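Here the structure is laid out as structure tokens; the discussion comes afterwards.
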Amino acid sequence: MQYLKASGERLDAEIADETGLPLANVKLQLAELSARGEVIMCHSIQFRDGKRIEGMRCRLAGYVPPAAPGRKSKPASKAA
């Protein structure tokens, strides 16, 4: 939970690599957190340099990351 709070949305394999835990343990812990409703998980398929990467993308439930800095787009005005 603390790792996801600090780093945001991540793949299960990225969590395992960055925390030094075995992938099987990470998957088990994430499944338990998901069952309690603390983490949201979805299946993800990505392609990096032509290589297919499958995993579970995870983030904290109910967490909305802060807005990115910089200019914000303005809503389109209605033509009368």
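The values are calculated or read from the model by the stated rules, or taken from the named source; none is laboratory data. What you are looking at is a predicted structure, and each value in this text was computed from that prediction instead of being measured. Using ideal geometry, Cβ is built from the backbone for each residue, glycine included, and neighbour counts are taken over all protein chains shown.
Would segment 12-31 turn up any residue that is touching a Lys or Arg at 6+ places or on another chain (Cβ under 7 Å), surrounded by 10 or more Cβ atoms within 10 Å (Cβ to Cβ) and at pLDDT 85 or above?
Yes, segment 12-31 has at least one match.
Could you please find all residues in segment 27-50 being over 14 Å from the mean Cα position of the chain (by Cα) and within 15 Å of GLU14 (Cβ to Cβ)?
Scanning segment 27-50 gives GLN29, ARG48.
Considering segment 1-43 alone, what residues qualify as being touching an Asp or Glu at 6+ places or on another chain (Cβ under 7 Å) and under 15 Å from ARG59 (Cβ atoms)?
If the condition is that a residue be touching an Asp or Glu at 6+ places or on another chain (Cβ under 7 Å) and under 15 Å from ARG59 (Cβ atoms), then MET1, VAL26, LEU30 are the ones that fit.
Can you tell me which residue within segment 53-80, out of those that are farther than 23 Å from ASN25 by Cα and among the basic types (Lys, Arg), is modelled with the highest pLDDT?
The extreme case among them is ARG71.
Among the residues of segment 13-26, what is the count of those that are of a type outside the set (A, V, I, L, M) and within 13 Å of the chain's Cα centre (by Cα)?
Final tally of qualifying residues: 1.
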